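Bear in mind that the values in this text are calculations on the coordinates, not laboratory data. Source: prediction; values computed, not measured. When we count neighbours, we look across all protein chains shown, and the Cβ atoms used for this are built from the backbone with ideal geometry, even at glycine.
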Amino acid sequence: MSQAHSLDLFSDQLSEGPAVDGGAAQMHRTPSPPYLQVFDLVKKYGTFSALDGVSLAIAAGEFISFLGPSGCGKTTLLRAIAGLDFQTSGSLYQDGADISWLPPDQRDFGIVFQSYALFPNLTVAENIAYGLENQGTKKHQIAERVAGLLNNVGLPGAEKRFPGQLSGGQQQRVALARALAPSPNLLLLDEPLSALDARVRVHLRREIKALQHRLGITTIMVTHDQEEAMTMADRIVVMNQGRIEQIGTPREIYENPVSVFVAQFVGTINLLPFTPCGPDTVEVAGLKFRCPHSGRHKGTGGVLAIRPEDIECTDVHDHDANCIDVRVESSEFLGATMRLKLVQGPDLALIADVPIRALRGSDIRPGQAMRVRLDAERIRLFDEAGNC
Amino acid sequence: MDTLYKRPLRAPFRAGPVTSGDQLLLRGLALLSALLLVVTILFPLYSMLAKSFHDASGLFIGLENFQRYFSEASLYRAVSNSFVIAGMATLISLLLAFLYGYGLTRTCMPFKPLFRVVSLIPLLAPSLLPAISLVYFFGNQGVAKELLMGHSIYGPIGIVLGLVIWVFPSALMILMTSLSMTDARLYEAASVLKAGPIRTFFTVTLPGVKYGLISAAFVVFTLTLTDFGVAKVIGGQYNVLATDLFKQVIGQQNFQMGAVVGLMLLLPAILAFFVDRYARRKQVAITGARAVPYSPKPHALRDRFFLLYCSLIGCLLIAMLGMAAYASFVTFWPYDQTLSLKNYQFDMMDGGGWAAFYNSLQMALLTAVFGTLFIFLTAYVSERCHGWRPVLNLIGGLTLLPMAVPGMVLGLAYIFFFNAPDNPLNGFYGGMTIMVISTIVHYYTVSHLTAVTAIKQMDPEIEAVGASLKVPQYRTFCRVSLPLCLPAVLDISTYLFSTAMTTISAVIFLYSPDTFLASIAMLHMEGAGDIAPSAAMAMVIVLTSTSVRLLHWLLTRRLSARLQRWKGA
């Protein structure tokens, strides 16, 4: 299939274009053939496998994020997709064509590196025009296009400046404009925001997302920052040790992690070893908890997982199995919530995020006794290997 | 998980990576570079090695040449002489250079830039110049002959003194690098822990420059062991390896014995080379990336002492140059002290005349242009070519090897290889081409390392960005990489030009009557007793090198203004 989206950056109808409606969030649910397919990709460095059989499919117009700790293979995967480093085995299809072994200059993509890799001796305009001059575009058209692109990334009038005279965030925008200039159908972002200040990062996150949405360009972003992945991506590919752990929307990943690794890597979570005891009931540190919606696993034992926000303060004194008496060991004030470290005996420690509203009027001191409830609906169980 | 897609029906039509046009070009260049390096470095050295195991008629005789060499006292005497001389010169120059470098990096004495410039004086002329100056000071008709208290300057004393002056800048540069790399935090820690200055010196300063000292020692040792100019002018009857090699090859046409002496020079040089490499790696390792540069605080006594010391050394270096300059204008030393340009009428003398100087100029220009082009391109290719590891490793090894090969050995090896009647490249022998090639090869390693450092400092993704924008790599090279490396390119070409102006060692075996060089003319005139004209020729060389360095300085200043603009305010 050919990508339906127009990348004409000068068309004013861009944001209303029909392509955009179909793209973005809902795209992966449509049955249309995927724009980019990765089959069983393996990359070996000697005996070490940087990629260990990775397969995935990306729909046109999707914003995908490869998320994982350093060394998980996410950058290797991106570089294989770009053709910058060839895989050991496996194949890649872009827009229906086999690109597995094509060098980068014969593929269709634009890329923004972590370091931006702007040409320091060329002006902003020359940087952006770099890929256009080669296509035989006329001078005045190039100038128009450069101005349009700069407008689009929010840097109008910066043509004559040198990259060294711009701030990190501005350099990032120029790198983005340069990658987009030849109208590629695939945009690759390699940790694009990690070199920036926290504040600039949050701001640029929204802008890149909006630009991507406006252009409807299929985008892959590598990041180790879960917040970045969650806020920007339509779908997240969580990777670990050269393998894909889970693919899903940010919400799916957060609410239904398929493994302890994903649960731990995305957000904060309490992990408590359990032994099964009766139907829908498990035992943790001598206490019984009901968990009717805990997923498939009951088995012989494993790890019970619950997010801090799914533990709530309660003063109900019935004999609901999921209510326990605890002592506050320490507390951290986080603004909207209070993060409490709770203990029950020597064997059970929990972290709970309690909304400040629920604590109004009461003072939390270390040693204070408290009663909390673990939301039975939100408990997930993993087997001993850490899987569902 | 929703990744269970069916594989498209179309079978993959390729089984392995397709090499891009860019990579094909790089590989072609890599192959060409490797080939040229093999022909100009490996083959000649092999010819020399082979020669040492054959007799004059080309018969293989094993170690017989070596046996004969060591059975003749007059021959192997040169080995011990050379080692004693090199050892002494190394020790003295290291001590002098360490103190000078300490003054420049670790004190607050005034006039540091001036002292730095003055320290470079010996690099501006062939090693003959210090020796000639010494003759004017301490020779039979020298002005300060009495200072030697009856000892003769012609012999070991003269050689050591001349060598010390000549290698001083080389030792200083290496030591200053390691002196300025030391972490200031270590000194803060030492003073917080109440260590006195002496304890700090021995526990912080010395260990910090240990590898710099080792590295400098071995580099200087090789230079002094293999230098020809000083010993030729002032050595008198004192035999060292370099002069011996010259006698064997040019005087007696005994090429086999020449090859043996050549190996005597090559082996210690190779050993020193490996020690130096090891030390440099260690030096980098002990200076962490988080080191804070040391900036000295004023200390009246120390600063005054080093000002005095550096002034003394600086004055000696200026006196060395000044004496030769003065002598070059004196009509007839010591009888007619009127100043004239008589000694500059080179055409009236033996040794090629002014034509020799123009030849030198031509050779230096050719060396600078072709050398820079080849060295920089090879460095770029070896850094940016993917795959083809064996070829790249070969290039890597061959670009380091020249540093371990003394100039005279290289020249000798070139005779054996290029002068062989069955060599198709025989036509180069005796021409300008072979001298240019030998000079490029002789000074290859330093230039190569300069180029590699500059290339490594560029963002490695620049070419990847170019490829993703479908721009051929040669274009990105010309528009981005080369402009970014321009300072290094200028450094390399200036270095090649000035060394080509002053070199003697390699070309001494390769020149012909048509390709006399200024430095060789100096040697000839000096040998014929025309010392003043020899000094005059040295002045012409000094003037040329100085002008080129000045030009380089001006260009670099303009360039760094432009680089500043690229880097922003």
Check your understanding: Looking at the protein assembly as shown, what % of its DSSP beta bridges pair antiparallel, to the nearest 5?
Key -> 80 percent
Exercise for review: Would you mind working out the magnitude of the charge dipole of chain B relative to its Cα centre, with +1 at each Lys and Arg C-beta and -1 at each Asp and Glu C-beta, to the nearest 20 Debye?
Suggested key: 2560 debye
Practice item. Take the alpha carbon atoms of region A:53-130, find their center, do the same for region B:420-456, and report the distance between the two centers in whole angstrom. Key: 41 Å
Study note, to complete from the structure: Mean-square fluctuation maximum in Gaussian network of chain A, Cα pairs under 10 Å, restricted to A:235, A:290, A:360, hits A:360
Check your understanding: With springs only between Cα atoms under 10 Å, which of A:34, A:346, A:292 fluctuates most in a Gaussian network model of chain A?
Key -> A:346
Exercise for review: Take every residue in peptide A:104-111, count the Cβ atoms of other chains within 10 Å of its Cβ, and give the average of those counts.
Suggested key: 5
Exercise for review: Sort chain B into rounded, prolate or oblate with this rule: let a ≥ b ≥ c be the square roots of the eigenvalues of the Cα gyration tensor; rounded if a/c is under 1.5, and if a/c is not under 1.5, prolate when a/b is larger than b/c, oblate otherwise.
Suggested key: oblate
**Study point:** 4 °C / 1.567 mPa s Stokes-Einstein diffusion coefficient of region B:62-339, Kirkwood radius on C-alpha pairs, µm²/s
**Key:** 62 µm²/s
Check your understanding: How about residue A:138: which lysines have a C-alpha closer than 22 Å to its C-alpha, ignoring those fewer than 8 places off in the same chain?
Key -> A:160, B:470
**Study point:** Student exercise, region A:268-383 dipole from Lys, Arg, Asp, Glu Cβ charges, in Debye to nearest 20
**Key:** 140 debye
Review point. Under the definition of partner shielding as Cβ atoms of other protein chains within 10 Å of a residue Cβ, what is the mean value for peptide B:454-464?
Key: 4
Check your understanding: So what's the back-of-envelope 222 nm ellipticity for chain A, counting only DSSP H runs of four-plus at -39500 (n - 2.57) apiece and dividing by all residues, rounded to 500?
Key -> -6500 deg cm²/dmol
**Study point:** Above-threshold pairs, the threshold being 18 Å between Cα atoms, out of B:51/B:232; A:44/A:74; B:210/B:282; A:74/A:209; B:112/B:297
**Key:** B:51/B:232; A:74/A:209
Point to revise | GNM result for chain A, Cα springs below 10 Å: residue of A:78, A:215, A:348 fluctuating most strongly | key: A:348
Exercise for review: For chain A, give the magnitude of the charge dipole about the Cα centre (Cβ charges: +1 Lys/Arg, -1 Asp/Glu; no others), in debye to the nearest 20.
Suggested key: 580 debye
